Amino acid sequence: MSEEISDVELRDWMAFYRLEPFGDERADLRAGIVASTVANVNRGKRGKVTKPTDFMPYRTAAEARRKALDRPEPKELGQKVRSIFGSMVAKKKG
């Protein structure tokens, strides 16, 4: 596999992420959905209804929402990626 990624490919991955998020935060949400479903199915009549965020590793649902909304702009993200990986990210030619 190549050690470089073009600007175009980076933008493609960023666009894909907006459509189909991946990573730890998304995995936490999926696990929270499963856990809350199991908890809600097994709760008593007067038991508390749970939400996926109740099972996510954030202190509050508000913190989870803030974290989900804290996304950098594509250009800003590209600059950060270049600063971290340096020459591994090929600059657009021409």
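Summary of values
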item: Every pair of residues 6+ apart whose Cβ atoms lie under 6 Å, when the first sits in segment 22-37 and is free of Cβ contacts under 8 Å to residues at least 60 places away in the same chain while the second is of a type in the set (Val, Ile, Thr) and not in a helix (DSSP H, G or I); result: Ser36/Thr50
item: Every pair of residues 6+ apart whose Cβ atoms lie under 7 Å, when the first sits in segment 46-57 and is in a helix (DSSP H, G or I) while the second is surrounded by 10 or more Cβ atoms within 10 Å (Cβ to Cβ) and of a type in the set (A, V, I, L, M); result: Pro52/Leu29; Pro52/Ile33; Thr53/Ala61; Thr53/Ala64; Phe55/Ala31; Phe55/Ala35
item: Among the candidates Ser83, Ser2, residue that is among the hydroxyl-bearing types (Ser, Thr, Tyr), modelled with pLDDT under 75 and assigned to a loop (DSSP other than H, G, I, E, B); result: Ser2
item: Segment 11-36, residues that are surrounded by 13 or more Cβ atoms within 10 Å (Cβ to Cβ) and in contact with a Pro (Cβ under 9 Å, 6 or more places away or on another chain); result: Arg11, Met14, Asp28, Leu29, Ala31, Gly32, Ile33, Ala35, Ser36
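The values are calculated or read from the model by the stated rules, or taken from the named source; none is laboratory data. Bear in mind that the values here come from a model prediction, so they are computed numbers and not experimental data. Note that each Cβ is placed from the backbone with ideal geometry, even for glycine, and that neighbours are counted across all protein chains shown.
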